[in-house]
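The next block holds one structure in the form of structure tokens; read it before the comments.
The values are calculated or read from the model by the stated rules, or taken from the named source; none is laboratory data. Treat the numbers as computed from the prediction; the structure is a model and nothing was measured. Cβ: placed from backbone, ideal geometry, glycine included. Neighbour counts: every protein chain shown.
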Amino acid sequence: MQAAQDFDKNVRRKKILLKYTTLVFVAYAITQIATLGAYLAGISSVRLPEVLLLASISLGVTAIFLLWIRLKNVATKKFANFVFFGQFAVWLVMYSAWFLVLREVRGAALFCALMALSFLLSNANLIQSLIVTASATLLQMAGSYVAIVHLKQPGSLGVEIFYALCFLPAALFICNLSDQYARQRSEVKAAKSAAEQSRDAAHQLNAELEKALKMVHDMSIHDELTGLFNRRHLMDVLSVEKNRADRTGQLFSIVVVDIDHFKLVNDSFGHLKGDEVLKEVANALQKTLRGCDFSARFGGEEFMMILGQAGADGAKACAERIRRLIEAIRFPGFGDDFKVTVSMGLTEYRPVEDISESISRADQALYRAKNSGRNRVEYAKR
């Protein structure tokens with residue numbers, strides 16, 4: 001996003017610089033055409049070679065600036081200021097030179113200054129406009145004085161001063177407009193910046209809200225202690241699996257897991273140690289699952305697994321593997337002889353039956369495992 005903003009600024013600066021350079025040349029050209037018209041009409045003693053020389057210089061300088069701006073890949077603010085003040089310096093030199101060429105029609109140079117001020121309406125501030133105004137006025141008076149008094153060119157110094165004084169009100173009015181436009185540009189820029197900040201803040205807030213909603217959702221479907229799915233979400237998953245099995249005929253198996261003698265663990269080692277046992281058993285269950293399987297804490301020390309696309313033989317093999325894995329877990333701090341075993345009951349889902357019937361059969365198989373000595377897997381036929 002920042003890169004896009006920098007690119008837009010670069011393009012905008014180059015457009016302004018190209019426009020500024022072109023309009024400066026237009027201002028030169030109008031004055032030169034007016035001077036040539038005065039020469040052809042015979043109302044001024046200007047010399048054609050001098051007019052053509054200055055016209056060639058202004059054209060060459062403009063071409064150099066235009067080429068430089070176009071070849072510049074990145075128009076930084078520093079570069080833009082350099083171009084502006086560079087052309088301003090050239091303008092001062094050219095403006096001064098015209099007083100030695102215009103002779104009786106020196107006042108035409110003031111039109112060039114007015115054009116420059118008009119352009120500055122949308123691209124400069126009050127100080128820059130006042131600098132152009134003061135420079136044009138002082139050069140008009142000083143140039144006229146040098147041309148008339150020292151170079152003995154035709155003309156009236158009083159008339160030239162009168163022209164300069166007539167130029168001032170119009171120029172100052174344009175300066176005032178330039179200041180107003182500059183303030184408006186600043187206000188628009190500030191409003192745009194505030195809008196962008198508000199938008200960024202809104203995006204950040206939305207991201208935080210999405211993160212919070214995801215966290216709340218995760219908390220609502222997971223068991224806080226073990227990290228497995230909770231019972232409520234498990235029932236939702238079972239409903240989805242039931243619908244899929246009824247529709248496609250791909251059955252699934254349900255495995256109920258119960259930790260043997262877990263109450264004795266809590267009574268002997270405390271509930272915190274009991275929590276460690278629950279976490280380790282949950283980790284063991286999670287490690288053995290495939291992508292289509294689910295595990296959840298069903299309640300207390302009881303867990304449940306849903307084995308997708310698994311028949312009786314596959315479910316038995318998986319359950320037996322989990323039983324051995326849990327039996328092999330070691331618990332530092334519980335004693336060398338301490339170990340945890342689980343009893344497991346499993347069954348296959350019967351098409352179209354209520355899911356509670358499947359869970360009931362798995363529970364019956366679990367009770368048989370408990371009554372048969374624990375640490376074993378029992379299967380209930382569907």
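Here are the numbers for this structure:
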quantity: Residue among R350, R376 that alone is under 57 Å from the mean Cα position of the chain (by Cα) and of a type outside the set (F, W, Y); calculated: R350
quantity: From A195, A212, residue being surrounded by 10 or more Cβ atoms within 10 Å (Cβ to Cβ), in a helix (DSSP H, G or I), among the small types (G, A, S) and assigned by TED's automatic domain parsing to the domain that holds Q140; calculated: A195
quantity: Test: residue in the stretch 180-187 that is part of a helix (DSSP H, G or I), closer than 30 Å to W98 by Cα and either in contact with a Gly (Cβ under 9 Å, 6 or more places away or on another chain) or not charged (D, E, K, R) (or both); calculated: no
quantity: Segments classed as strands (runs of 3 or more DSSP E), wholly inside the stretch 249-349, with at least 2 members that are touching a strand residue (DSSP E or B) at 6+ places or on another chain (Cβ under 7 Å), in the same structural domain as R376 (by TED's automatic domain parsing) and over 19 Å from E378 (Cα atoms); calculated: 294-299
quantity: Hey, A365 surrounded by 15 or more Cβ atoms within 10 Å (Cβ to Cβ), modelled with pLDDT of 90 or more, part of a helix (DSSP H, G or I) and touching a strand residue (DSSP E or B) at 6+ places or on another chain (Cβ under 6 Å) or not; calculated: yes
quantity: Only one of D258, D293, D275 that is among the charged types (D, E, K, R), modelled with pLDDT of 90 or more and within 22 Å of G345 (Cβ to Cβ); calculated: D258
quantity: Filter result for the condition that a residue is of a type in the set (A, V, I, L, M, F, W, C), more than 51 Å from the chain's Cα centre (by Cα) and modelled with pLDDT of 80 or more, over A108, A142; calculated: A142
quantity: Candidates I33, I69 - the one that is aliphatic (A, V, I, L, M), in the same structural domain as G155 (by TED's automatic domain parsing) and in contact with a Lys or Arg (Cβ under 7 Å, 6 or more places away or on another chain); calculated: I69
quantity: Criterion: assigned to a helix (DSSP H, G or I), under 26 Å from R47 (Cβ atoms) and not hydroxyl-bearing (S, T, Y) - qualifying residue of A147, A134, A170; calculated: A147
quantity: Residue within the stretch 306-322 that is exposed (fewer than 14 other Cβ atoms within 10 Å of the Cβ), within 15 Å of I254 (Cβ to Cβ) and within 45 Å of the chain's Cα centre (by Cα) present; calculated: no
quantity: Test: residue in the stretch 251-264 that is out of contact with any Leu (no Cβ under 8 Å at 6 or more places or on another chain), more than 25 Å from E224 (Cβ to Cβ), aliphatic (A, V, I, L, M) and surrounded by fewer than 14 Cβ atoms within 10 Å (Cβ to Cβ); calculated: no
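Residue-by-condition table, conditions (1) at negative phi; (2) surrounded by 12 or more Cβ atoms within 10 Å (Cβ to Cβ); (3) of a type in the set (G, A, S):
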| site | (1), (2), (3) |
| --- | --- |
| E50 | yes, yes, no |
| F79 | yes, yes, no |
| A89 | yes, no, yes |
| L92 | yes, yes, no |
| S96 | yes, yes, yes |
| V105 | yes, yes, no |
| T137 | yes, yes, no |
| G155 | no, yes, yes |
